[in-house]
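Remarks on the structure that follows.
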Amino acid sequence: MTQPAVGGGDERLPPVPLNPLPYVKRLRAVRHFETGLPLLRAAGGPVSRIRLAPRLVMPPIVLICSPQGARDLLGRADSRAERGETSVSHELGAVLGDNLLTMPYAQWLPRRRAIQPLSTIRHVPRFAGHVSTLADELVERWLDGTGEVDLDRECRALTLRAMSLSILGVDLGGRDDVVASVLRYAVPWAVGRAMRPINTPRWWPTRGRQRAVAASEALHRLAADVMQTCHDSPDIEAPLVRALMAATDPDTGAPLSDRAICDELVLFIVAGHETIATALTYALFAVGHHPRVQDQIAAELSKIRSNSITAQDIPRMGYTAQVLREALRLCPPTAALGRMVMQDIVVDGYRVPAGTLALISVIALHQDPELWPDPFTFDPDRFAPENFPPRRRWDYLPFGAGPRRCLGDHFTMQEATLALAGILRRVQIRSHSNDFPTTAPLTVIPAAPVPASIRPRSATPR
């Protein structure tokens, strides 16, 4: 239940201006976050209000596309703006289960504390042992093949194996179809319901619901198999599964139920590996149009004399990391970040009342020409230390920000950097298409194959 804040808003401040985009275009835009929200930003400016239905049917939406607005919403260390109370969280929770993405603040905080030690910069390097080896195996297979690959399919398979071996203790190679079904059926069904003013009852046996439930149940069975393997083999190194098995309910002290553990594993399997896969896919696609960038990465990597690149080498790979950060700017893991405003707050100088759904368009923020000159040009030098000082942290939100920032940000950067380096150290890539179509069911993912040609790197530039 929402309520006015005590000192949370200021009645003297103006309300958020109404977005002028025609109703039908507004309705379409909010159902396609990756393409629609930038259109709303172009029509209504950095902060605008969107009405799709009477408040009793659907809450008003405030679209935020400014660094100050993002800071005002995401920087809060309280429950005035609650991710777990958005309609998207409710619908995702209903089909995928309660997890760190969908839980309200009170339940989220102790669960995050149980897992957070695994995600710190100090601990993440211990999970890096698999991705470099798998990247080497991938390159060998490419070089033995036709020289033509689908970067999306290849990166998904690579990152699912690397992620599962690193933190789940099992090899999920060959099971990417189970994950893909959740992104194809379950997540779009849930998010589509969340952004429609009127829906059929959740139990209504539509074809979309049947597919969504079947996909979710298949992935939960896979998660249960992972958990059972760890139960049966206590010597298996599976840090995420072990952390969840050791977590307790803060109120009762009881361990998490098997269902609760599986719900969290489902989230990490889907969002975790897809985030890394898309970051790597887009980075390879982008450098496939920029041979000089590939040469500069290869020159940097030539200074690393060992046969295999490890996490300890990452501090010496500054330009490679810049390439990945620029890829995450142009193709961020999430298109939008949502919060339900539970008590009146102030966002970028406007009064936002309780009961409003606040949406930050990460893509619109990353495409703002006032923040990023020539924003659609791929330019890794944007992230050279002298060009991107810490004060600009709210201009760039690939992993969100604030207390509910993505828990896997360090792991994603590590795995994607090592994979990118392992591939470009040995091969040159030429992308076939100028377009990189995306869709955003949960994370932003390619909407079509990403074809490219591969050939051995004949000489390492120096």
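The values are calculated or read from the model by the stated rules, or taken from the named source; none is laboratory data. Quick caveat: nothing in here was measured; it's all calculated off a predicted structure. So basically every Cβ, Gly included, is an ideal-geometry build from the backbone, and we count neighbours across all protein chains shown.
Couple of notes before you dig in:
- Test: residue in region 222-236 that is more than 19 Å from GLY174 (Cα to Cα) and aliphatic (A, V, I, L, M): yes
- For region 102-116, filtering for residues that are under 20 Å from the mean Cα position of the chain (by Cα), not charged (D, E, K, R) and not in a loop (DSSP other than H, G, I, E, B) leaves 5.
- ARG351, sole failed condition from (1) buried (at least 21 other Cβ atoms within 10 Å of the Cβ); (2) in a strand (DSSP E or B); (3) over 21 Å from the mean Cα position of the chain (by Cα): (1)
- Remark: VAL62 matches the filter, which requires a residue to be buried (at least 22 other Cβ atoms within 10 Å of the Cβ), at pLDDT 90 or above and not in a helix (DSSP H, G or I).
- Single residue of region 294-310 satisfying the filter (over 29 Å from the mean Cα position of the chain (by Cα) and among the hydroxyl-bearing types (Ser, Thr, Tyr)) that is modelled with the lowest pLDDT: SER306
- Leading residue by the ranking (nearest to the chain's Cα centre (by Cα)) among those in region 8-40 that are part of a helix (DSSP H, G or I), among the aliphatic types (A, V, I, L, M) and surrounded by 14 or more Cβ atoms within 10 Å (Cβ to Cβ): LEU37
- Test for ALA162: is it over 18 Å from ASP263 (Cα atoms), surrounded by 15 or more Cβ atoms within 10 Å (Cβ to Cβ) and modelled with pLDDT under 90: no
- Region 363-391 - residue that is of a type in the set (D, E, K, R) and surrounded by fewer than 11 Cβ atoms within 10 Å (Cβ to Cβ) and, of those, modelled with the lowest pLDDT: ARG391
- Taking region 158-196 as the range and being in a loop (DSSP other than H, G, I, E, B) and either touching a residue at least 24 places away in the same chain (Cβ under 8 Å) or within 20 Å of PHE411 (Cβ to Cβ) (or both) as the test, the residues that pass are GLY169, VAL170, ASP171, LEU172, GLY173, ARG175, MET195, ARG196.
- Residue list for region 41-59, restricted to those being aliphatic (A, V, I, L, M) and not in a helix (DSSP H, G or I): VAL47, ILE50, LEU52, ALA53, LEU56, VAL57, MET58
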